[in-house]
Amino acid sequence: MFNLDYQSRLPIYEQIVEQFERYIAYGVYKPKEQVPSIRELAASLGINPNTVKKAYEELEKRGAIVTISTKGTFVTDDIKHVIDSKIQDKLEVIKENIKELEKLGMTKEEILKEL
């Protein structure tokens, strides 16, 4: 399910975080659904468990997942903030691209027409 790009400048753990958030936002992972354990995901991806652990720690910090001792790791039951965060990330990319197009000489009207 996860596609890692070993040639990317983005560290593997960040790729896992991004993909997990995307899967949560798209409904692939549902609220309160259990996610693979660190060992399971590391084994399936062929990577060091510490890399997955770092990704899970970041996901917990962002509020996307929660670990319950002796039960496992689950998607948070309130995924609205995950979706809102992904929307904001995408809007930032669009804003940056618009600024770059303006620097290249396009007007806002031309940009809107192309969109």
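Report, ordered by chain and residue number, the aspartates and glutamates lying within cross-link reach of residue 32, taken as a straight Cα distance under 15 Å and ignoring same-chain residues fewer than 8 apart.
Cα-Cα hits under 15 Å: 21, 60, 77, 78.
Shape of region 29-115 from its Cα gyration tensor (a ≥ b ≥ c, root eigenvalues): rounded if a/c is under 1.5, otherwise prolate when a/b > b/c, or oblate?
Cα axes put region 29-115 in the prolate bin.
What does the extension gain come out to for residue 26 and residue 89, with contour length at 0.36 nm per residue minus their alpha carbon separation?
Taking residue 26 through residue 89 to full extension adds about 21.2 nm, to one decimal.
Applying 1/(1 + (r/R0)^6) with R0 = 41 Å to the Cβ-Cβ distance of residue 107 and residue 70, what FRET efficiency is obtained, to the nearest 0.05?
Working from the Cβ atoms, E equals 0.10.
For the chain, what is the mean residue ellipticity at 222 nm derived from helices alone (per DSSP H run of n ≥ 4: -39500 (n - 2.57); sum divided by total residues; nearest 500 deg cm²/dmol)? Walk me through the numbers before you get to the answer.
Details: 5 runs with 66 residues, N = 115.
For the chain, the value works out to -18500 deg cm²/dmol.
Tell me, what is the 1.4 Å probe accessible area of residue 96, in Å² to the nearest 10?
Approximately 110 Å² of residue 96 is accessible to the 1.4 Å probe.
Identify the chymotrypsin sites (Phe, Trp or Tyr not before Pro) of region 1-53 meeting these criteria: DSSP loop state and at most 13 other C-beta atoms within 10 Å of the C-beta.
Values: sites: 2, 6, 13, 20, 23, 26, 29; in loops: 2, 6, 26, 29.
Those that pass, being in a loop and sparsely packed, are 6, 26.
Once a ≥ b ≥ c are taken as the square roots of the eigenvalues of the Cα gyration tensor of region 72-115, is the result rounded (a/c under 1.5), prolate (a/b larger than b/c) or oblate (a/b not larger than b/c)? Kindly include the intermediate steps, with their values, before the conclusion.
Details: a/c = 5.80, a/b = 3.66, b/c = 1.59.
Cα axes put region 72-115 in the prolate bin.
Using alpha carbons only, how many angstrom separate the centre of region 54-81 from the centre of region 1-37?
After rounding, the separation between the Cα centres reads 12 Å.
Pairs 80/103; 54/90; 86/113: which are spaced more than 31 Å apart, C-alpha to C-alpha?
Working: 80/103 35 Å; 54/90 24 Å; 86/113 25 Å.
Distance filter (> 31 Å) returns 80/103.
Applying 1/(1 + (r/R0)^6) with R0 = 30 Å to the Cβ-Cβ distance of residue 8 and residue 78, what FRET efficiency is obtained, to the nearest 0.05?
Result of the calculation: an efficiency of 0.50.
The values are calculated or read from the model by the stated rules, or taken from the named source; none is laboratory data. These numbers were taken from a predicted model, which means no experiment stands behind them. Note that we place each Cβ from the backbone using ideal geometry, even for glycine, and neighbour counts take in every protein chain shown. The accessibility values were calculated without ligands, DNA or RNA, using every heavy atom of the protein model including side chains. Shrake-Rupley method; radii C 1.70, N 1.55, O 1.52, S 1.80 Å.
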